[in-house]
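A short write-up of the structure that comes next.
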Amino acid sequence: MSDKRILRGDLLDFVQDPGFAPPHEAQGVRFRSDHLVLIERGRIDSVQSASQPLPPAWENVPVADHRGRLILPGFIDTHVHCPQLDVIASFGTELLDWLNTYTFPAEQRYADPEVSRQGAARFLHALWAHGTTSAVVFPTVHKTSAQALFEQASQVQMRLITGKVLMNRHAPDGLRDDVAQAERDCVDLIAQWHGKQRQAFAVTVRFAVTSTPEQLAMAGALCASHAGTYMQTHVAESRAEVQWVSELFPTARSYLDVYDRDGLIGPRAVLAHGIWLDERDRAVLRERGAQIAHSPSSNLFLGSGLFDWAQAQGDGVNVSLASDVGGGTSLCLLRNMAEAYKIQALQGTRLTAWKALYTATLGAASHLGLSQEIGRIEPGCMADLAVWRWAVGPVAEHRDALARDVLHERVFAWMTLADERNLVSTWVAGQPVYMASSSEVSAA
Ligand code: GUN
Ligand code: ZN
């Protein structure tokens, strides 16, 4: 009995990709007003209307009553840097300067296992405090930084995908590995963590600039010899970066090709940004089933460029949504959705709340091959959930009251105006990992 619990509220999730259809034509949206989520042993056992009687075995189970609040699958952040909470909101640079000025010095400190442990704890708690329950994470070049994330995520059975960062050139002292040692570290981490509980290893190439051809070949060999591992990296983020990569790899057809020719682009590849790709690159991504982790707040903050999401979708490329903190300015995926809307608006496309929310839940889950586990409020899936208030503060409350009769209007206003202050609680594997201090006050 004690591992059973019930959440009550308005459930919003998706059963298919709504695409870029206008709100009223979109398919795949599932809104279940005043429903119960019955949870046992970390998984969703069943979902039913609150007006139906409970099955006898559930009659005395405690109910977390969130009537009048939204319950969504926990968000999936497909690209975020643990150590960069130290440099979020740093002034005045574009990508390559930003790395040298702010990021690399912050990452150097993670050589210390205690810094890595404290950083992992701070970071995971911060994800939960923003409604994110699964993530694809960059730690640092240090094995201990990946180890700390795996250890702490596994303690709460959180779905986490990470791996020690590979970088052996164009980085300062203390942040470069060598090919042989890096390979040993990866093999150790795979043996210890990959497939253990909900942990998965990602071969983590920082970007083409910071790995020699020998290291990229080693990374490709690791992917080939360890089935089921992911691969994460950055690609085509800023124009200066693309230019540098073309000078470093003169025989590659494109930036993406640097990775593809070493076998790094497969269905489990997660590539951040992809702003400056061409049509052939998009065809390669489609054929391989790889995904772009679109990182709106980062692309705007660093001035990297405007990702053309509709074009990527039209060319059949999988796209997920990411905070890319600390280039990104918020771990809150709702805020990143609001920024994504503006990026598409500048290019003549209107991003619906359905498409944005689908992308941060079932879309990401599907592209990661995890839709049986996360991204949906469905029997058999893990109970990774977030409870949200519709509105906080006078402006949002006023807007919400006016929008109540039209679901997309209401949800879009929520997506655009809400942030982590709207979050009531976050649940991982059926356990609360975050509770807002005001979560017991009455619903809004
Ligand atoms: N490219 C290589 N490293 C990084 C990083 O840490 N952040 C971003 N946004 N881009 C990168
Ligand atoms: Zn990044």
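Please treat every number below as a calculation from the coordinates, not as lab data. Because the structure is a prediction, the values reported are computed rather than measured. Cβ sites come from the backbone with ideal geometry, for glycine too, and all protein chains shown count toward neighbours.
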Regarding region 165-188, can at least one residue be identified that is of a type in the set (Lys, Arg), surrounded by fewer than 16 Cβ atoms within 10 Å (Cβ to Cβ), more than 16 Å from ligand 2 (Cβ to nearest atom) and farther than 25 Å from Ala106 by Cα? no
Consider Ser298 against the criteria (1) more than 16 Å from ligand 1 (Cβ to nearest atom); (2) crowded, with 23+ Cβ neighbours inside 10 Å: it satisfies all of them except one. Which criterion is unmet? (1)
So Ala129 ticks every box in (1) in contact with a Phe, Trp or Tyr (Cβ under 6 Å, 6 or more places away or on another chain); (2) of a type outside the set (Val, Ile, Thr); (3) under 16 Å from Ala202 (Cβ atoms); (4) surrounded by fewer than 23 Cβ atoms within 10 Å (Cβ to Cβ) but one. Which box is left unticked? (3)
Among Ala401, Ala418, Ala353, the single one that is surrounded by fewer than 21 Cβ atoms within 10 Å (Cβ to Cβ), among the aliphatic types (A, V, I, L, M) and out of contact with any strand residue (DSSP E or B) (no Cβ under 6 Å at 6 or more places or on another chain) is Ala401
I want to confirm something. Restricting to region 321-338 and keeping residues that are surrounded by fewer than 24 Cβ atoms within 10 Å (Cβ to Cβ) and within 16 Å of ligand 1 (Cβ to nearest atom), which single residue is farthest from Trp388 (Cα to Cα)? Thr329
Hits in region 173-197 (condition: in contact with an Asp or Glu (Cβ under 8 Å, 6 or more places away or on another chain) and of a type outside the set (Val, Ile, Thr)): Leu175, Asp177, Asp185
Of all strands (runs of 3 or more DSSP E) fully inside region 1-82, the set with 2 or more residues that are touching a residue at least 40 places away in the same chain (Cβ under 8 Å) and of a type in the set (Ser, Thr, Tyr) is none
Within region 256-265, how many residues turn out to be out of contact with any Phe, Trp or Tyr (no Cβ under 6 Å at 6 or more places or on another chain), outside any loop (DSSP other than H, G, I, E, B), over 21 Å from Pro296 (Cβ atoms) and within 16 Å of ligand 1 (Cβ to nearest atom)? 1
Can you name the residue in region 266-281 that is in a strand (DSSP E or B) and at negative phi and is also farthest from ligand 2 (Cβ to nearest atom) among such residues? Ala269
Wholly within region 319-383, helices (runs of 4 or more DSSP H) carrying at least 1 residues that are closer than 19 Å to Ile88 by Cβ: 333-345
Out of Arg198, Arg159, which single residue is out of contact with any Cys (no Cβ under 8 Å at 6 or more places or on another chain), within 21 Å of Ala290 (Cβ to Cβ), in contact (Cβ under 8 Å) with a residue 24 or more places away in the chain and charged (D, E, K, R)? Arg159
Among (1) in a strand (DSSP E or B); (2) more than 12 Å from ligand 1 (Cβ to nearest atom), where does Leu285 come up short? (1)
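To keep it simple, each residue is scored yes or no on (1) touching a residue at least 60 places away in the same chain (Cβ under 8 Å); (2) within 16 Å of ligand 1 (Cβ to nearest atom); (3) buried (at least 21 other Cβ atoms within 10 Å of the Cβ).
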site: Phe207; (1), (2), (3): no, yes, yes
site: Ser225; (1), (2), (3): no, no, no
site: Gln232; (1), (2), (3): yes, yes, yes
site: Gln243; (1), (2), (3): no, yes, no
site: Leu248; (1), (2), (3): no, yes, no
site: Ser254; (1), (2), (3): no, no, no
site: Asp278; (1), (2), (3): no, no, no
site: Ala293; (1), (2), (3): yes, yes, yes
Being in contact (Cβ under 8 Å) with a residue 60 or more places away in the chain and either within 11 Å of ligand 2 (Cβ to nearest atom) or in contact with a strand residue (DSSP E or B) (Cβ under 7 Å, 6 or more places away or on another chain) (or both) is the filter here; which residues of region 310-333 pass it? Gln313, Ser320, Leu321, Ala322, Ser323, Asp324, Val325, Gly326, Gly327, Gly328, Leu331, Leu333
Candidates Leu175, Leu216, filtered to the one that is part of a loop (DSSP other than H, G, I, E, B), within 16 Å of ligand 1 (Cβ to nearest atom), more than 27 Å from Gln155 (Cβ to Cβ) and not acidic (Asp, Glu): Leu175
In region 413-424, which residues are in a helix (DSSP H, G or I) and more than 15 Å from Leu333 (Cβ to Cβ)? Ala413
Check off (1) within 20 Å of Ser330 (Cβ to Cβ); (2) surrounded by 20 or more Cβ atoms within 10 Å (Cβ to Cβ) for Arg376 and give me the number that stays unchecked. (1)
Filtered residues of region 55-109 (kept if within 23 Å of the chain's Cα centre (by Cα), farther than 19 Å from His234 by Cα and among the aromatic types (Phe, Trp, Tyr)): Phe75
One residue is enough: does region 103-125 have a residue meeting the conditions in a loop (DSSP other than H, G, I, E, B) and in contact (Cβ under 8 Å) with a residue 40 or more places away in the chain? no
Could you check region 356-368 and list, in sequence order, the residues that are surrounded by fewer than 23 Cβ atoms within 10 Å (Cβ to Cβ) and either among the β-branched types (Val, Ile, Thr) or more than 19 Å from Thr132 (Cβ to Cβ) (or both)? none
Kindly indicate the residue of region 238-265 that is away from ligand 2 (no atom under 16 Å from the Cβ) and polar (S, T, N, Q) and also nearest to the chain's Cα centre (by Cα) among those meeting that condition. Ser254
